[in-house]
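Visitor: The structure is given below, and queries will be raised subsequently.
Only the coordinates and a few stated rules stand behind these numbers; no lab work does. This one's a predicted model, so the numbers in the text were calculated from it and none came from an experiment. Neighbour counts run over all protein chains shown; Cβ positions are idealised from the backbone, glycine included.
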Amino acid sequence: MATVVLHNVSKVYPDGVHAVRNISLDIQDREFIVLVGPSGCGKTTTLRMVAGLEEISSGTLAIDGRVVNAVAPKDRDIAMVFQNYALYPHMSVYKNMAFSLQMRRRELKLSRRQIDQRVREAAAILGLTDYLDRRPKALSGGQRQRVAVGRAIVRNPKAFLFDEPLSNLDAKLRVETRAEIKRLHLRLNTTTIYVTHDQEEAMTLGDRIVVMKDGVIQQCAPPLEVYERPVNMFVAGFVGTPPMNFFTGCLKNGADFIISPPNSPCQQLRLPPRLAACAGDAQRPLVLGVRPEALSPENTGRFSGELNSLQVRTGVIEPLGDKVDVHFALGGQDRFACRTDSAHAGQIKPTDPLTLHISLDHCHLFDPDDGGRNISLPQRMQ
Ligand code: ATP
């Protein structure tokens with residue numbers, strides 16, 4: 001087990017693509033860190049630099065306190081699990097798992113018995129004992145991925161690196177295997193860096209999640225902190241499904257937020273003192289960020305207060321079981337959503353006008369002129 005510390009790390013590919021820009025990350029021993037962000041944001045490049053598969057253009061990478069920029073991948077004592085499993089098709093599960101140890105048996109000072117013991121222990125942990133003699137083609141996708149994980153476990157590495165390991169699995173298996181990876185981490189406690197573009201996977205797995213965009217870290221924090229206190233509009237919009245609603249408006253009289261949708265009447269919200277104070281005397285447009293669950297067709301206690309509702313038009317309705325997502329339009333724009341209890345949504349019909357109450361205490365204010373910065377966070381978090 002190990003700490004992994006990146007200090008001002010950048011990557012410029014030979015063709016000039018600046019894939020990672022000056023990122024610094026202090027990963028604790030035993031921590032589970034998830035790198036998440038849209039395609040092309042630099043997650044895989046970062047992981048491959050940690051693995052030693054990609055050269056670092058500038059900055060330093062230290063594993064367990066030792067700078068390893070120039071250390072070969074095989075000498076970094078790190079095991080990587082890839083999206084495509086990368087199993088040897090002609091070898092049995094047992095051989096696939098034992099292979100890397102057998103190749104370096106003398107160097108690692110391992111006896112055949114010790115290798116056998118490690119493979120069987122890993123197989124038992126992963127529920128693969130009955131499959132040790134099979135070839136990969138006779139396994140399901142989930143089982144293949146477990147073999148790939150097993151191959152990493154037997155090496156007893158200082159850290160695990162996972163590159164989108166669940167992308168090839170169907171939705172149900174993805175959720176099951178996700179839970180297995182989490183159980184495995186609780187059991188082995190090995191420092192783990194995990195790459196995914198799926199924010200839900202990131203939220204459920206990470207001790208901390210690192211949200212990236214265009215090669216830059218936007219926010220690094222525990223999942224709930226990222227969800228409840230996103231530092232900017234990008235993070236707020238990326239984490240959470242359906243995404244946060246953004247309403248552009250202007251402040252009037254210090255506390256009223258006026259939304260002026262095109263071709264429809266203005267709507268006025270009375271901001272709570274906390275939000276009004278953050279806005280100061282801003283004369284420019286600001287963006288009010290409202291999570292779908294902070295909207296409700298019912299004016300329950302949480303949503304009470306004067307001037308806390310929006311007049312909207314109902315769009316698509318998506319039942320989810322105990323909850324329902326009600327999509328809606330405000331003026332000409334129809335990209336908003338409210339998540340509410342199914343019991344509150346029984347009477348709502350597509351295209352009907354609808355009053356939605358907002359729990360304004362749970363909202364955020366963003367400044368579009370300042371990179372979408374969340375100005376409603378305490379100063380130390382911005
Ligand atoms: P994805 O989720 O699609 O895998 P990612 O966040 O992992 O994306 P990277 O694969 O790290 O992103 O790519 C970051 C940027 O670097 C992208 O613009 C990509 O096109 C570019 N890139 C990746 N590999 C190379 C390469 N070998 N040569 C040049 N550019 C590259």
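Visitor: So if we plug the beta-carbon distance of D64 and R104 into 1/(1 + (r/R0)^6) with R0 = 22 Å, what FRET efficiency do we get, rounded to 0.05? Don't skip to the end; give the middle numbers.
Guide: Numbers: r = 20 Å, r/R0 = 0.89.
The calculated FRET efficiency here is 0.65.
Visitor: Under 27 Å between alpha carbons: how many lysine pairs meet that in the chain, if sequence neighbours fewer than 8 apart on the same chain are excluded?
Guide: Lysine pairs meeting the criterion: 26.
Visitor: Let me know the volume per residue of the alpha-carbon convex hull for the chain, in Å³.
Guide: That works out to 170 Å³ per residue.
Visitor: While we're here: If you take the square roots of the eigenvalues of the alpha-carbon gyration tensor of region 232-280 and sort them as a ≥ b ≥ c, do you get rounded (a/c under 1.5), prolate (a/b over b/c) or oblate?
Guide: Verdict is oblate for region 232-280.
Visitor: I'd like the distance separating the alpha-carbon centroids of region 22-88 and region 118-141, in whole Å.
Guide: The distance from the Cα centre of region 22-88 to that of region 118-141 comes to 27 Å.
Visitor: Let me ask you something else. Roughly how many debye, to the nearest 20, is the charge dipole of the chain about its Cα centre, given +1 on each Lys and Arg Cβ, -1 on each Asp and Glu Cβ, and no other charges?
Guide: Computed charge dipole of the chain: roughly 1860 debye.
Visitor: In whole Å, how far is the Cα centre of region 243-291 from that of region 192-239?
Guide: Comparing the Cα centres of region 243-291 and region 192-239, I get a distance of 26 Å.
Visitor: So what is the relative contact order for the chain, in percent, with contacts set as C-alpha pairs under 8 Å and at least six apart?
Guide: Reported relative contact order: 15 percent.
Visitor: What nm value, rounded to one decimal, do you get for the distance between L377 and R21 when each label is placed 7 Å out toward the C-beta?
Guide: 1.8 nm
Visitor: While we're looking at this one, here's another question. Could you work out how far apart the two model spin labels at R274 and Y13 are, taking each label as a point 7 Å from the Cα in the direction of the beta carbon, and quote it in nm?
Guide: According to this spin-label approximation, the distance is 4.3 nm.
Visitor: Return the long-range amide H neighbours of G372 (sequence gap of 5 or more, or a different chain), with a cut-off of under 5 Å between placed amide H atoms.
Guide: D367
Visitor: Taking the alpha carbon gyration tensor of region 233-382, what are the square roots of 5 times its eigenvalues, largest first, to the nearest whole Å? Provide the component values of the computation, followed by the final result.
Guide: Values: eigenvalues 126, 53, 43 Å².
In descending order, the three semi-axes are 25, 16, 15 Å.
Visitor: Taking amide H atoms as placed 1.01 Å from N in the peptide plane, list the residues 5 or more away in sequence, or in a different chain, whose amide H sits under 5 Å from that of V210.
Guide: Under 5 Å from the amide H of V210: V34, L35, V36.
Visitor: Starting from one equal scatterer on each C-alpha and no solvent at all, send me the Debye-based log10 I(q)/I(0) for region 113-179 at q = 0.18 Å⁻¹, two decimals.
Guide: These q points yield log10 I(q)/I(0) values of -0.71.
Visitor: Got a sec to turn the phi values of region 31-38 into Karplus ³J(HN,Hα) couplings, 6.51 cos²θ - 1.76 cosθ + 1.60 with θ = phi - 60°, whole Hz, x for Gly and Pro?
Guide: Each residue of region 31-38 in turn: 6, 10, 10, 10, 8, 9, x, x Hz.
Visitor: Let me ask another. Could you work out [θ]222 nm for the chain from helices alone, using -39500 (n - 2.57) per DSSP H run of at least four and dividing by all its residues? Round to the nearest 500 deg cm²/dmol.
Guide: Values: 10 runs with 95 residues, N = 382.
Dividing the helical sum by the residues of the chain leaves -7000 deg cm²/dmol.
Visitor: Right, next: Where the eigenvalues come from the Cα gyration tensor of region 156-256, what are the semi-axes √(5λ) of the equivalent ellipsoid, largest first, in whole Å?
Guide: Output for region 156-256: semi-axes of 32, 15, 12 Å.
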